[in-house]
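First comes the structure, then the notes that go with it.
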Amino acid sequence: MKTWLIPGRMAFPRMGAFSGYPGRLIPVFAVLFLGLQLQAGERWHGISVFGPKGLKYAPGQRFAYLNPEAPIAGRLRMAGNSFSKLTTFGLTGAAPQWMEEYCFEALGIKSWDDDEAYSVYGLLAVSFEIADDKTSMTIRLRPEARFADGQPVTADDVVFSYQLLFDPDVNPALRLHLKPVDRMVAVDALTVRADFNTFSRDLPIYVARLVIYPRHVYGRPGVNLGADFQTVPPVGSGPYRIKDFEMGQRILYERRDDYWGRELPYTKGYLNWKEIEEQMFFDAFSEIEALKSGLIDFKCNFQPDVLQKLDVEGLRQGYLKRTFFPITRPSAMKCMVFNLRRPLFQDVELRKVLVSLYDFEAINRNFQYGEDILLVSYFHTQPQLRAEAGPAQGRVLEILTNLAARHNRDGAVHVPPSALTQGPSELGMDADGKRMTLDERIYAASRRLDELGWRWDPQQGVRVKDGQRLSFEILMDESDMFYYTEVCQLAGVDARLSTLSGLEVQSRTRNFQYDCHRGWFDGRKAPGRELARHFMSTEADVKGSANRSGMKNPAIDDVLEVISTTEDRETLETYCKVFDRIMCSNWYVLPRTWPVRDHAVYWAHLQGPSTYVSGLWAYYNLRWYWWFDESRQQALKTEKRGGE
């Protein structure tokens, strides 16, 4: 009898078709029981946060934003990141940024349709089945699925990929979403069962997004994951393999002619390049020069002033196109996070003063060319989730009142009165709701700081209270925050940007050794566990956790528990509005800006489908769904030679 050893877990016997069932032997009579259990649920071709009713596409129906007629042709040349190894395994060094995306696949693929909250359709998996009692999910694999070396994708590979999450050479953050999974069981060669110790609305989706690795490659006896694959091209089931590379400088992927999934409705029209070449550049100027000369085919994420002033021959002649794209994706809460572990920031009134000094009007005019809006809500662009202005009403008011009664005790105010009386709002407004000028903001902030006991000390050149300087450091170096620190200085606050290296910032972030930090709390149409991990009290003291603010608010814990588990859309929307009011009234972060549109500059031989995925950034659209028009490229070459 063989034994599989799960890193960090007990060894268990492997017995035939039931390989991977931990901790005990499976008697013969259990076969019938398991067979009955597998029939308990209903099989579906995809999974949605709102159950089968949340799926837009029927079995075999292609995504609307794919062009199945897109040719597999050409070489996409783009800027990439530097890399020091060819594997994601090992906790040191950097792998090529998109290698896993090109060379490996998950059980399911996400739909980016605007009409779906969060849905995943079977890729390596052909169906998903959640037990009626929600204690398990059964996954059936496509028999045609193959790795790049021709070996079939089996249940053993799925179980092995789950076990990899517990290997010391794998980033421990990857297993956080799958903590409620007790075990993965290979029922037969193409069937896997995931057993749950607790069930949440998003858990089946996290299981469906598990990336699958070949056990016969990465699970061979004696393999050292962190050391043995540093310079070895990966073997996965994805559409690409590595053709050539210069470590840290350049990597070239080629499309597999034998890619197993090329005719699937979810992949035909996805990643349409015969080759993808990533080159490394060390600054934005070099990338722009590479774009102008044709060394790369597109560039996104321009600084607003550079984008607006871009005037090159390619644009004038029409060889290059500058296009703006709509954004329908939910806004993230892009912000500066106050570290509440610091005594300085435990005063909400001080936090409010510091937030009021963010001069959006000047920042948007001078740094964003009027392209941005000011965020005030955690769900700013989602009216169905965003708390309304003015007093809370109805069910939202009822929940807030109950939370305040339960948690506002012993001097603690977790649900401030303002959460009930007003919704998300901008600080620095006058009595008529008009944005105050910068001088007015600074004057008002100075008056309030005086009232809070922070007095100007001319000898130290900063405000001081009880011998403590009003001084803090921000771990980011973006232009709007540089301007923010200048405004703070005018109010007597010593705010400064960090000049630390990336590794130093990483180390201090992991150990919570910072005053303020960059925050990006991604927006979702159906927020869940990914939101909870940023704000739950249980994560506040866990080294390296995503709870950067260190907040411990039991009222928010209660709300997040409902948000993360409910499968009812109306309940989700109600509790998101409650969350929004409590978070905004406590001013845990300084909200920043969000763009009103996206952009790209690209060579005209790149073509896109008729349906643009506005829920994704342009950078992903161009890489995933566009294609190379060879006839157009030849026409462009002819025109360039003729000076047209």
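For segment 429-446, filtering for residues that are surrounded by fewer than 11 Cβ atoms within 10 Å (Cβ to Cβ) and assigned to a helix (DSSP H, G or I) leaves 1. Selection of segment 95-150 for residues being over 16 Å from Gly236 (Cβ atoms), of a type in the set (A, V, I, L, M, F, W, C) and within 27 Å of the chain's Cα centre (by Cα) yields Trp112, Ala117, Val120, Val126, Phe128, Ile130, Met137, Ile139.
May I ask you to say which residue of Leu420, Leu400 is at pLDDT 95 or above, touching a Pro at 6+ places or on another chain (Cβ under 7 Å) and within 25 Å of Asp558 (Cα to Cα)? Testing whether each residue is at pLDDT 95 or above, touching a Pro at 6+ places or on another chain (Cβ under 7 Å) and within 25 Å of Asp558 (Cα to Cα) leaves just Leu420. Residues in segment 57-78 that are within 30 Å of Leu141 (Cβ to Cβ), touching an Asp or Glu at 6+ places or on another chain (Cβ under 8 Å) and surrounded by fewer than 18 Cβ atoms within 10 Å (Cβ to Cβ): 2 in all.
Give the residues of segment 245-297 that are β-branched (Val, Ile, Thr) and within 11 Å of Leu76 (Cα to Cα), sorted by residue number.
Answer for segment 245-297, where residues must be β-branched (Val, Ile, Thr) and within 11 Å of Leu76 (Cα to Cα): Ile276, Ile296.
Quick check: anything in segment 516-530 of a type outside the set (Lys, Arg) and on the phi > 0 side of the Ramachandran plot? No, segment 516-530 contains no residue that is of a type outside the set (Lys, Arg) and on the phi > 0 side of the Ramachandran plot. Looking across Tyr602, Tyr620, Tyr588, Tyr625, one residue alone is under 26 Å from Ile327 (Cβ atoms), at pLDDT 95 or above, touching a Phe, Trp or Tyr at 6+ places or on another chain (Cβ under 9 Å) and exposed (fewer than 15 other Cβ atoms within 10 Å of the Cβ). It is Tyr620.
When every residue of segment 527-538 is checked against the conditions, at least one turns out to be over 18 Å from Ala173 (Cα atoms) and either at pLDDT 90 or above or crowded, with 22+ Cβ neighbours inside 10 Å (or both). Which condition number in (1) assigned by TED's automatic domain parsing to the domain that holds Ile363; (2) touching a Cys at 6+ places or on another chain (Cβ under 9 Å) is the one that Ser585 fails? Among (1) assigned by TED's automatic domain parsing to the domain that holds Ile363; (2) touching a Cys at 6+ places or on another chain (Cβ under 9 Å), the lone unmet condition for Ser585 is (2).
Tell me, yes or no, whether segment 493-502 has at least one residue that is within 22 Å of Trp594 (Cα to Cα) and not basic (Lys, Arg).
Looking only at segment 493-502, we keep the residues that are within 22 Å of Trp594 (Cα to Cα), and these are 497.
Still in the list and also not basic (Lys, Arg): 497.
Checking segment 493-502: at least one residue is within 22 Å of Trp594 (Cα to Cα) and not basic (Lys, Arg).
Hey, could you check segment 496-526 for residues that are touching a residue at least 24 places away in the same chain (Cβ under 8 Å) and among the small types (Gly, Ala, Ser) and say which is surrounded by the fewest Cβ atoms within 10 Å (Cβ to Cβ)? Checked segment 496-526; the qualifying residue surrounded by the fewest Cβ atoms within 10 Å (Cβ to Cβ) is Ser498.
Restricting to segment 381-421, name every residue that is small (Gly, Ala, Ser), under 17 Å from Met583 (Cβ atoms) and not in a loop (DSSP other than H, G, I, E, B).
Within segment 381-421, Ala404, Ser418, Ala419 meet the criteria.
With respect to the stated conditions, Asp182 is within 20 Å of Met137 (Cα to Cα) and not aliphatic (A, V, I, L, M).
Going by the conditions given, is Pro609 under 24 Å from Ser377 (Cα atoms) and either modelled with pLDDT under 95 or in contact with a helix residue (DSSP H, G or I) (Cβ under 8 Å, 6 or more places away or on another chain) (or both)? Steps first, answer last, please.
Details: under 24 Å from Ser377 (Cα atoms): no; either modelled with pLDDT under 95 or in contact with a helix residue (DSSP H, G or I) (Cβ under 8 Å, 6 or more places away or on another chain) (or both): yes.
In short, no.
Okay, residues lined up against (1) surrounded by fewer than 19 Cβ atoms within 10 Å (Cβ to Cβ); (2) out of contact with any Leu (no Cβ under 9 Å at 6 or more places or on another chain):
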| residue | (1), (2) |
| --- | --- |
| Gly80 | no, yes |
| Ser84 | yes, yes |
| Thr87 | no, no |
| Gly93 | yes, yes |
| Trp98 | yes, yes |
| Phe104 | no, yes |
| Lys110 | yes, yes |
| Asp115 | yes, yes |
| Ala125 | no, no |
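For the structure I just gave you, tell me whether Glu129 is more than 20 Å from Gly269 (Cα to Cα) and charged (D, E, K, R). First the steps, then the outcome.
Values: more than 20 Å from Gly269 (Cα to Cα): yes; charged (D, E, K, R): yes.
Judged against the criteria, Glu129 is a match.
The values are calculated or read from the model by the stated rules, or taken from the named source; none is laboratory data. Keep in mind that this is a model prediction, so the values were computed, not measured. Reconstructed Cβ throughout: ideal geometry from the backbone, glycine too, with neighbour counts over all protein chains shown.
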